[in-house]
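Notes for the one structure printed next.
The values are calculated or read from the model by the stated rules, or taken from the named source; none is laboratory data. These numbers were taken from a predicted model, which means no experiment stands behind them. Note: ideal-geometry Cβ built from the backbone for every residue, glycine included; neighbour counts use all protein chains shown.
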Amino acid sequence: MTIAQTAYGPVEGREKEGVLLFSGIPYAAPPTGPRRFRAPESHEGWKQTRQALKFYPAAPQYPTGGMTAAVPVRWDEDCLALNIATPAIDDARRPVLFWIHGGAYRTGQGNVPWYNGAQFVRNGDIVVVSINYRLGALGFTDLSRFGDEFATSGVNGTLDQIAALRWVKDNIANFGGDPERITIAGESAGAFSVCTLLASPMARGLFRAAIPQSGGAQHTLPREAAKIVADRFLEAVGADNPMTLQALDAQAILDAQKQVAEQLDQGIDANETLGVPVQAFYPVHGTDALPDSPLNLIAQGASNGVPVMTGTNAHETTLWEYYNTDEARLARLGDHYGAGKVLQTLRKLHPDAGPGDLAVALTTDFTFRMPAVRLLEARAGADPNTPSWMYWFCWESRQFNGKLKATHALEIPFAFDNLDKPGVDVFLGPGDVPQTVASTMHQAWIGFIRDLDPGWAPYTLKRRETMRFDTESILVMDPEGPEREAWAGIR
């Protein structure tokens with residue numbers, strides 16, 4: 001029996017894969033009943049030893065059914081819990097990796113096998129934390145017009161993340177971790193979350209470093225767009241105030257959320273509907289937790305003093321089959337992003353590329369690569385003395401006859417050194433397991449988490465140093481520079 005103390009009561013963990021694992025520790029009160037659509041509240045705690053032997057349910061969600069859905073989703077509104085993997089319960093004060101899952105703010109959970117932190121524990125002597133937080137309509141519907149008690153409703157999922165961070169800050173020393181050496185990290189919506197936390201005044205001082213993977217600081221909704229989402233949601237659910245929503249079960253809310261998402265997330269039509277190229281049920285800025293857009297706040301100095309390592313994958317949007325785009329859709333994509341000039345540049349630089357390849361390049365840049373570049377540009381302008389690092393994941397999957405390439409989320413099992421986990425082989429495709437690439441990336445992540453140094457030169461606006469991870473990993477300067485320059489003035 002392995003017992004650790006917390007401020008809320010003792011918890012019992014277990015040994016698994018040579019590490020100590022504590023699963024399903026609640027970090028806040030269940031966000032149910034009268035707590036629905038409200039900021040997270042402290043858990044009342046427990047007197048007897050609480051078993052932390054099973055993962056908590058995920059936040060309510062529809063299953064994605066996609067390639068990343070390797071684990072069946074068991075969900076419940078009572079979902080605010082975290083998991084801790086550690087080498088030992090002692091006073092060693094190890095660095096901490098705090099992982100936030102992705103899933104477009106609507107799906108995902110902290111216990112996906114790809115996020116298994118055992119390799120970080122074994123190879124880096126690092127304590128790993130993963131969390132669940134409220135998603136979709138329950139986490140990000142802006143109902144603030146209905147009263148002060150709902151003032152935070154557009155960012156409750158973000159406040160859940162902050163509550164989990166505070167819990168870790170206060171308790172992780174009892175699990176062998178160092179509360180002063182916490183690195184927050186995440187992929188996709190998890191990376192958007194990391195950037196939001198970098199910007200939030202409410203998260204200041206809760207971590208020392210950050211790793212946003214395939215995500216930047218441009219993925220939040222302004223109040224006017226959030227009101228459109230809320231209006232559509234209330235209409236879909238048949239309610240005119242939050243009190244009516246309290247009487248509904250979670251499935252009814254999910255059904256309404258799905259209906260609204262189908263109305264507003266029409267890909268190239270979404271910009272015309274919401275006025276911004278961001279999906280429904282994303283965090284809302286213009287709140288105490290997020291006074292402005294994260295990118296603006298970071299440009300004003302919100303992330304000063306916090307080292308950041310970020311990067312993207314070379315062909316992110318093959319995951320959504322943009323390689324099947326025809327010329328007509330390609331033209332609409334260029335118009336949608338206000339990127340006709342970029343499309344012309346891409347055609348000149350890649351004269352043999354078909355519309356599918358051009359669509360992947362355009363959408364990858366707009367949604368992922370350029371936001372990562374803008375993040376580091378904003379940080380450099382606000383604080384040139386705090387280092388940032390950039391990576392570029394270019395190892396290409398063999399799946400679908402090579403069409404998947406270096407797709408979205410593919411880098412996760414490489415960074416975690418989890419190429420043997422369920423579902424990874426489907427992403428890799430046939431052929432030899434690229435363990436050398438995984439080992440190289442994993443050691444870079446360990447170096448950053450432990451020593452704030454992944455092993456290559458920091459990013460500067462003059463040279464734009466970028467580590468290119470592939471079968472041969474090398475440092476390159478300003479990769480795809482002409483494409484980057486073509487995006488000037490477009491966000």
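Every residue in region 186-202 that is under 21 Å from residue 124 (Cα atoms) and surrounded by fewer than 24 Cβ atoms within 10 Å (Cβ to Cβ), please.
Filtering region 186-202 for residues under 21 Å from residue 124 (Cα atoms) gives 186-187.
Answer for region 186-202, where residues must be under 21 Å from residue 124 (Cα atoms) and surrounded by fewer than 24 Cβ atoms within 10 Å (Cβ to Cβ): there is none.
Among the residues in region 225-240, are any under 30 Å from residue 387 (Cα atoms) and within 21 Å of the chain's Cα centre (by Cα)?
no
Yes or no, residue by residue, for (1) more than 26 Å from residue 346 (Cα to Cα); (2) part of a helix (DSSP H, G or I); (3) touching a helix residue (DSSP H, G or I) at 6+ places or on another chain (Cβ under 8 Å); (4) at pLDDT below 95:
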site: 436; (1), (2), (3), (4): yes, yes, no, no
site: 440; (1), (2), (3), (4): yes, yes, no, no
site: 445; (1), (2), (3), (4): yes, yes, yes, no
site: 448; (1), (2), (3), (4): yes, yes, no, no
site: 454; (1), (2), (3), (4): yes, no, yes, no
site: 457; (1), (2), (3), (4): yes, no, no, no
site: 461; (1), (2), (3), (4): no, no, yes, no
site: 468; (1), (2), (3), (4): no, no, no, no
site: 483; (1), (2), (3), (4): no, yes, yes, no
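Considering each residue of region 249-286, count those that are assigned to a helix (DSSP H, G or I), modelled with pLDDT under 85 and at negative phi, and give that number. Let's see the steps before the verdict.
Looking only at region 249-286, we keep the residues that are assigned to a helix (DSSP H, G or I), and these are 250-264, 267-274.
The next check asks that each one be modelled with pLDDT under 85; those that pass are 267-274.
When the remaining residues are screened for being at negative phi, the result is 268-274.
Selection size over region 249-286: 7.
Looking at region 295-312 only, could you name the residues that are touching a Ser or Thr at 6+ places or on another chain (Cβ under 6 Å) and over 18 Å from residue 460 (Cα atoms)?
Listed by number, the list is empty, since nothing qualifies.
Within region 369-382, does at least one residue satisfy the condition of being touching an Asp or Glu at 6+ places or on another chain (Cβ under 8 Å) and in the same structural domain as residue 325 (by TED's automatic domain parsing)?
Just the residues of region 369-382 that are touching an Asp or Glu at 6+ places or on another chain (Cβ under 8 Å), to begin with: 369.
Now drop any that are not in the same structural domain as residue 325 (by TED's automatic domain parsing), which leaves 369.
The answer is yes, given that some residue of region 369-382 is touching an Asp or Glu at 6+ places or on another chain (Cβ under 8 Å) and in the same structural domain as residue 325 (by TED's automatic domain parsing).
Looking at (1) within 27 Å of residue 159 (Cβ to Cβ); (2) out of contact with any helix residue (DSSP H, G or I) (no Cβ under 6 Å at 6 or more places or on another chain); (3) not β-branched (Val, Ile, Thr), which is the one condition that is false for residue 20?
(1)
Starting from region 31-54, keep only residues that are of a type in the set (Val, Ile, Thr), then list their pairs with residues that are in a loop (DSSP other than H, G, I, E, B) whose Cβ atoms are within a distance under 7 Å, requiring at least 6 positions of separation or different chains.
Filtered contacts from region 31-54: 32/77; 32/78; 49/10.
Exactly one of (1) in contact with a helix residue (DSSP H, G or I) (Cβ under 7 Å, 6 or more places away or on another chain); (2) of a type in the set (Val, Ile, Thr); (3) closer than 18 Å to residue 309 by Cα is unmet by residue 474. Its number?
Condition not satisfied by residue 474: (1).
So which residues in region 203-240 are within 20 Å of residue 134 (Cα to Cα) and of a type in the set (S, T, N, Q)?
The one that is within 20 Å of residue 134 (Cα to Cα) and of a type in the set (S, T, N, Q): 220.
Regarding region 35-46, can at least one residue be identified that is out of contact with any helix residue (DSSP H, G or I) (no Cβ under 8 Å at 6 or more places or on another chain) and either among the aliphatic types (A, V, I, L, M) or under 25 Å from residue 126 (Cα atoms) (or both)?
Checked against the condition, which is being out of contact with any helix residue (DSSP H, G or I) (no Cβ under 8 Å at 6 or more places or on another chain) and either among the aliphatic types (A, V, I, L, M) or under 25 Å from residue 126 (Cα atoms) (or both), region 35-46 yields no hits at all.
Answer with yes or no whether residue 40 is of a type outside the set (Lys, Arg) and assigned to a helix (DSSP H, G or I).
So residue 40 fails the test.
Can you find a residue in region 437-446 that is outside the structural domain of residue 122 (by TED's automatic domain parsing), at positive phi and either among the polar types (S, T, N, Q) or surrounded by fewer than 16 Cβ atoms within 10 Å (Cβ to Cβ) (or both)? If you could, list the steps in order and put the result at the bottom.
Taking region 437-446 and keeping what is outside the structural domain of residue 122 (by TED's automatic domain parsing), we get 437-446.
Those still in the list that are at positive phi too: none.
No: zero hits.
How many of the residues making up region 14-34 are within 27 Å of the chain's Cα centre (by Cα) and either β-branched (Val, Ile, Thr) or at pLDDT 95 or above (or both)? Full working, then the answer.
Of all residues in region 14-34, those within 27 Å of the chain's Cα centre (by Cα) come to 16-17, 19-32.
Now restrict to residues that are either β-branched (Val, Ile, Thr) or at pLDDT 95 or above (or both): 19-32.
Counting residues in region 14-34 that are within 27 Å of the chain's Cα centre (by Cα) and either β-branched (Val, Ile, Thr) or at pLDDT 95 or above (or both) gives 14.
Return yes when residue 476 is touching a residue at least 40 places away in the same chain (Cβ under 8 Å) and surrounded by fewer than 22 Cβ atoms within 10 Å (Cβ to Cβ) and no when it is not. Walk me through it before giving the result.
Working: touching a residue at least 40 places away in the same chain (Cβ under 8 Å): yes; surrounded by fewer than 22 Cβ atoms within 10 Å (Cβ to Cβ): yes.
Answer is yes for this residue.
Is it the case that some residue within region 405-417 is of a type in the set (S, T, N, Q), more than 25 Å from residue 218 (Cβ to Cβ) and surrounded by 17 or more Cβ atoms within 10 Å (Cβ to Cβ)?
The first filter runs over region 405-417 and keeps only residues of a type in the set (S, T, N, Q), leaving 407.
After this cut, where a residue has to be more than 25 Å from residue 218 (Cβ to Cβ) as well, the list is none.
No: region 405-417 contains no residue that is of a type in the set (S, T, N, Q), more than 25 Å from residue 218 (Cβ to Cβ) and surrounded by 17 or more Cβ atoms within 10 Å (Cβ to Cβ).
Residue pairs, Cβ under 9 Å, 6 or more apart or interchain, first in region 293-315 and surrounded by fewer than 23 Cβ atoms within 10 Å (Cβ to Cβ), second of a type in the set (Asp, Glu) and outside any loop (DSSP other than H, G, I, E, B). List them.
From region 293-315, the pairs are 299/377.
Looking at region 242-254, is at least one residue within 27 Å of residue 316 (Cβ to Cβ) and in contact with a helix residue (DSSP H, G or I) (Cβ under 6 Å, 6 or more places away or on another chain)?
No: region 242-254 contains no residue that is within 27 Å of residue 316 (Cβ to Cβ) and in contact with a helix residue (DSSP H, G or I) (Cβ under 6 Å, 6 or more places away or on another chain).
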